[in-house]
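The values are calculated or read from the model by the stated rules, or taken from the named source; none is laboratory data. Computed from a prediction, not measured in an experiment: that's the story for all the values here. Quick reminder, even Gly has a Cβ in these numbers, built from the backbone with ideal geometry, and neighbours come from all protein chains shown. Protein only, heavy atoms only, side chains kept; ligands, DNA and RNA dropped before computing areas. Shrake-Rupley method; radii C 1.70, N 1.55, O 1.52, S 1.80 Å.
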Amino acid sequence: LILGRMAVGNSSSVKEFILLGLTQEPELQLPLFFLFLGIYVVSVMGNLGLIVLIVLNPPLHTPMYYFLFNLSFTDLCYSTVITPRMLVGFVKQNTISHAECMTQLFFFCFFVIDECYILTAMAYDRYAAICKPLLYQVTMSHQVCLLMTVGMYVMGLVGAIAHIVCMLRLTFCEGHIINHYMCDIPPLLKLSCTSTYINELVVFIVVGVNVIVPTLTIFITYTLILSNILSIHSAEGRSKAFSTCGSHVIAVSLFFGAAAFMYLKPSSASVDEEKLSTIFYTIVGPMLNPFIYSIRNKDVHIALRKTLKKSMFT
């Protein structure tokens, strides 16, 4: 409601936009529709399934799975913010009002920034479990986890508000066609006929803080974890530690790699490259994360078997 009122009050002469979508090739529209519909269905089922599994199984009520619960919730939310609107563009002209566009951008920024800090919190949790096992219960207490969660969502809220406030001050009179499948900051700035200097500065600061700080934190954390793992004499212990961290490293690399290319990319990068990188962390990542974190996870396998047995005998 607040975003809607702000959008109405904006002096923009453009009241609606047309999203060009992923591609303009007619013969690709239907195959891509079914491809991304399938990805979205798998993403929703995977993330929702992991959320339900964690809630229903007390053995998974630990800090590690608490943050995984938040990751699945965030992935579910921001893929839902992006993908359904993208699917519309494959079957008809994808028109979106100014208010809807700003709303989508707000929630996209909010959930993406949240994910940056959730992945950081998960890295810190692995550091505490592997490097400080005797202090783990104190280091990752319920109060600490709750405080970290509040911090994550506050950072997402602050970043999203900063982007939206700056975006609502712009006047769009350079056309109303967005060369993208979603309302993202770079393509919107290209349509502005007023100065975008402040917006670009905010993007540099917000993205810099919310990508570079978590990336450095995760890098330092995993350097300490690796050092600790190499000092473990037991081959079984080293293997268990590596398997615990491996899935998280894959998820972090996929998410931060694509996000960094999108917002800290060279100016020579094409629009198609921008779209492709965005797909990886807005659509593909949320689909893969439930599988990345559960395929080799014995705790999840045990919990799944117990849940299926209960459902079969009730």
Practice item. For Tyr65, indicate whether it is crowded, with 21+ Cβ neighbours inside 10 Å and either touching a strand residue (DSSP E or B) at 6+ places or on another chain (Cβ under 6 Å) or over 22 Å from Leu188 (Cα atoms) (or both). Key: yes
Review point. Yes or no: Ser227 over 21 Å from Leu119 (Cβ atoms), of a type in the set (S, T, N, Q) and out of contact with any strand residue (DSSP E or B) (no Cβ under 9 Å at 6 or more places or on another chain)?
Key: no
Check your understanding: Which condition does Ile18 not pass, out of (1) in a helix (DSSP H, G or I); (2) of a type in the set (A, V, I, L, M); (3) modelled with pLDDT of 90 or more; (4) closer than 21 Å to Gly175 by Cα, if it passes all the others?
Key -> (1)
Revision key, fill the gap. Conditions (1) in contact (Cβ under 8 Å) with a residue 24 or more places away in the chain; (2) open to solvent by 50 Å² or more (accessible area, probe 1.4 Å) -> Ala160 fails only (2)
Exercise for review: Sort through Val55, Val88, Val81 and tell me the only one that's free of Cβ contacts under 8 Å to residues at least 40 places away in the same chain, touching a strand residue (DSSP E or B) at 6+ places or on another chain (Cβ under 7 Å) and assigned to a helix (DSSP H, G or I).
Suggested key: Val88
**Study point:** Subset of region 289-314 (residues that are open to solvent by 80 Å² or more (accessible area, probe 1.4 Å), not aromatic (Phe, Trp, Tyr) and not in a helix (DSSP H, G or I))
**Key:** Ile295, Arg296, Thr314
Point to revise | In region 231-286, residue modelled with the lowest pLDDT [restricted to those that are open to solvent by 50 Å² or more (accessible area, probe 1.4 Å) and of a type in the set (Asp, Glu)] | key: Glu236
Check your understanding: With respect to the numbered conditions (1) more than 26 Å from Phe256 (Cβ to Cβ); (2) part of a helix (DSSP H, G or I); (3) open to solvent by 30 Å² or more (accessible area, probe 1.4 Å), which one is the sole condition not fulfilled by Leu48?
Key -> (1)
Point to revise | Options Ile198, Ile130; residue that is at pLDDT 90 or above and farther than 16 Å from Ala259 by Cα | key: Ile198
**Study point:** Residues (open to solvent by 30 Å² or more (accessible area, probe 1.4 Å) and in a loop (DSSP other than H, G, I, E, B)) located in region 185-225
**Key:** Lys190, Cys193, Thr194, Ser195
**Study point:** Residues located in region 58-78, provided they are assigned to a helix (DSSP H, G or I) and hydroxyl-bearing (Ser, Thr, Tyr)
**Key:** Tyr65, Tyr66, Ser72, Thr74, Tyr78
Check your understanding: With respect to the numbered conditions (1) part of a helix (DSSP H, G or I); (2) of a type in the set (Val, Ile, Thr); (3) without any contact (Cβ under 8 Å) to a residue 12 or more places away in the chain, which one is the sole condition not fulfilled by Ile232?
Key -> (1)
Revision key, fill the gap. Over region 169-184, the set of residues in contact with a helix residue (DSSP H, G or I) (Cβ under 9 Å, 6 or more places away or on another chain), of a type in the set (Val, Ile, Thr) and surrounded by fewer than 22 Cβ atoms within 10 Å (Cβ to Cβ) is none
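Yes or no, residue by residue, for (1) open to solvent by 30 Å² or more (accessible area, probe 1.4 Å); (2) over 22 Å from Asn210 (Cα atoms); (3) of a type in the set (Val, Ile, Thr):
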| site | (1), (2), (3) |
| --- | --- |
| Arg126 | no, no, no |
| Tyr136 | yes, yes, no |
| Met140 | no, yes, no |
| Leu147 | yes, no, no |
| Met167 | no, no, no |
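Condition check ((1) in contact with a Ser or Thr (Cβ under 9 Å, 6 or more places away or on another chain); (2) within 22 Å of His248 (Cβ to Cβ)) across all residues:
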residue: Glu27; (1), (2): no, no
residue: Pro31; (1), (2): no, no
residue: Leu35; (1), (2): no, no
residue: Gly38; (1), (2): no, no
residue: Pro58; (1), (2): no, no
residue: Asn70; (1), (2): yes, yes
residue: Phe73; (1), (2): no, yes
residue: Leu76; (1), (2): yes, yes
Exercise for review: Quick one: in region 68-102, of everything that is β-branched (Val, Ile, Thr) and surrounded by 19 or more Cβ atoms within 10 Å (Cβ to Cβ), which residue is nearest to Cys116 (Cα to Cα)?
Suggested key: Thr74
**Study point:** Considering residues of region 287-306 that are in contact with a Ser or Thr (Cβ under 8 Å, 6 or more places away or on another chain) and of a type in the set (S, T, N, Q) only, the residue modelled with the lowest pLDDT
**Key:** Asn297
